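> What follows is a single structure, and I will ask about it in a moment.
The values are calculated or read from the model by the stated rules, or taken from the named source; none is laboratory data. This structure is a prediction, so every number in the text was calculated from the model and none was measured. Here the Cβ is made from the backbone with ideal geometry for all residues, glycine too, and neighbour counts use every protein chain on show.
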Ligand code: PMP
């Protein structure tokens, strides 16, 4: 029997697997509730103003959203000192990544990324029929020379997450500029700064200045992390007028819901919540990393809202993951990222992180 068949390569795609939400039935909950540290969500939740704006949107559910996300783009532009006309909003930065790849790469083209970079890049490349090309890293950090060496005349775009998920590593402002400067002008450079707001290192640039200086750069940002709005799916891109024009042609006419737009505007105005989220991470990320090291664990330095715990091998990582899970503590396995000996743990509230430390200490003792 003949059936509709998708384009070549689609059925070979390994879909993205998100973090687990629920502990297994029968888990002995160490913290009397599930401890969810698998998806780099904001442990303080959304701000009150954003939640109120979301609820207020309920009275207008019969209306289509503003397809142009104008008020939101203007709020982003004011908060970041950018031009609203060069901003495009999306249903999460995920949507914008997919749209960029679909618009700029197809069969026969290469999409370059760093080996332990965010997994959506190779998935989006394959979905578009393009070939993902991974450049090796140095000490779990994107290697600018290795990336530049892998540029061919088929390379259409390069993705770098900075800070990177899941390694937490950071490229300095000058390294980012060196990468851009070394790329052919017709290769699109996507700087994914999903975790920009958490960076405390002074030698950092999220990408807006690069966008202003070069026509082949686009910066991606999200409301899922510092603003705590992951459920609403809201992200934005800042690019040259030409890139923005392309995104506006390929996106759905109403790709961002009215509730997400309203909550986004309120979140940007809620400086207190942004600051509290930033301070929480700046305090607990070094504390948690240090506590893990004191227990004898190896932790990669992180500039994000998570740490990468490096265990002896894949079996040890699996064993620790299962031990935590059995106590209702959910962290992320890293096999899909080529790091099967590692676990990624989001910086949660202190009580949750203490539960992780206690649980891991016990796991270590038992082995
Ligand atoms: N980029 C990076 C580096 C991420 O870690 C994530 C979320 N895990 C995203 C993009 C996507 O974020 P969202 O679609 O929620 O905006």
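> Can you find a residue in the range 265-279 that is within 13 Å of the ligand (Cβ to nearest atom), in a helix (DSSP H, G or I), under 30 Å from residue 360 (Cα atoms) and within 18 Å of the chain's Cα centre (by Cα)?
No, that holds for no residue.
> When the range 122-137 is examined, which residues are found to be under 16 Å from residue 6 (Cβ atoms) and either surrounded by fewer than 19 Cβ atoms within 10 Å (Cβ to Cβ) or within 19 Å of the chain's Cα centre (by Cα) (or both)?
Selection gives 123, 124, 125, 126, 127, 129.
> Select from the range 209-221 the residues that are more than 13 Å from residue 189 (Cβ to Cβ) and surrounded by 19 or more Cβ atoms within 10 Å (Cβ to Cβ) and list them in ascending order.
Within the range 209-221, 221 is the sole residue that qualifies.
> Consider residue 260 against the criteria (1) within 16 Å of the ligand (Cβ to nearest atom); (2) surrounded by fewer than 23 Cβ atoms within 10 Å (Cβ to Cβ); (3) under 19 Å from the mean Cα position of the chain (by Cα): it satisfies all of them except one. Which criterion is unmet?
The failed condition is (2).
> Next question. Which condition from (1) in a helix (DSSP H, G or I); (2) farther than 15 Å from residue 345 by Cα; (3) within 16 Å of the ligand (Cβ to nearest atom); (4) touching a helix residue (DSSP H, G or I) at 6+ places or on another chain (Cβ under 8 Å) is the one that residue 231 breaks?
Of the numbered conditions (1) in a helix (DSSP H, G or I); (2) farther than 15 Å from residue 345 by Cα; (3) within 16 Å of the ligand (Cβ to nearest atom); (4) touching a helix residue (DSSP H, G or I) at 6+ places or on another chain (Cβ under 8 Å), the odd one out for residue 231 is (4).
> For the range 268-281, indicate whether the set of residues that are surrounded by 14 or more Cβ atoms within 10 Å (Cβ to Cβ), within 15 Å of residue 348 (Cβ to Cβ), in contact with a strand residue (DSSP E or B) (Cβ under 8 Å, 6 or more places away or on another chain) and at pLDDT 95 or above is non-empty.
Scanning the range 268-281 turns up no residue that is surrounded by 14 or more Cβ atoms within 10 Å (Cβ to Cβ), within 15 Å of residue 348 (Cβ to Cβ), in contact with a strand residue (DSSP E or B) (Cβ under 8 Å, 6 or more places away or on another chain) and at pLDDT 95 or above.
> Residue 82 is checked against (1) in a helix (DSSP H, G or I); (2) away from the ligand (no atom under 16 Å from the Cβ) and fails just one. What number does that condition carry?
Status for residue 82: all satisfied but (1).
> Residues being more than 16 Å from the ligand (Cβ to nearest atom), touching a residue at least 24 places away in the same chain (Cβ under 8 Å) and in a loop (DSSP other than H, G, I, E, B): count how many of those fall in the range 167-204.
9
> Among the residues of the range 280-311 satisfying the criterion of being within 17 Å of residue 362 (Cβ to Cβ) and assigned to a loop (DSSP other than H, G, I, E, B), which is farthest from the ligand (Cβ to nearest atom)?
Out of the qualifying residues, it is 296.
> While we're on this one: For the list (1) under 30 Å from residue 61 (Cα atoms); (2) part of a loop (DSSP other than H, G, I, E, B); (3) in contact with a strand residue (DSSP E or B) (Cβ under 8 Å, 6 or more places away or on another chain); (4) more than 11 Å from the ligand (Cβ to nearest atom), I need the number of the one condition that residue 238 fails.
So residue 238 meets the others, but not (2).
> Another one. I'm trying to understand the selection: among the residues of the range 108-166, which are touching a helix residue (DSSP H, G or I) at 6+ places or on another chain (Cβ under 8 Å), farther than 22 Å from residue 210 by Cα and part of a loop (DSSP other than H, G, I, E, B)?
Answer for the range 108-166, where residues must be touching a helix residue (DSSP H, G or I) at 6+ places or on another chain (Cβ under 8 Å), farther than 22 Å from residue 210 by Cα and part of a loop (DSSP other than H, G, I, E, B): 116, 119, 128, 130, 136, 166.
> Moving on. Which residue is farthest from the ligand (Cβ to nearest atom), if the candidates are limited to the range 136-151 and must be touching a strand residue (DSSP E or B) at 6+ places or on another chain (Cβ under 6 Å) and closer than 17 Å to residue 105 by Cβ?
150
> Additional query: On the basis of being in contact with a helix residue (DSSP H, G or I) (Cβ under 7 Å, 6 or more places away or on another chain), more than 16 Å from the ligand (Cβ to nearest atom), within 11 Å of residue 347 (Cα to Cα) and assigned to a helix (DSSP H, G or I), does residue 324 make the cut?
So residue 324 does not fit the description; no.
> In the range 85-98, what residues are within 14 Å of the ligand (Cβ to nearest atom) and not in a helix (DSSP H, G or I)?
88, 89, 90, 91
> Tell me whether the range 40-56 contains one or more residues that are within 16 Å of the ligand (Cβ to nearest atom), surrounded by fewer than 20 Cβ atoms within 10 Å (Cβ to Cβ) and more than 30 Å from residue 350 (Cα to Cα).
Within the range 40-56, not a single residue is within 16 Å of the ligand (Cβ to nearest atom), surrounded by fewer than 20 Cβ atoms within 10 Å (Cβ to Cβ) and more than 30 Å from residue 350 (Cα to Cα).
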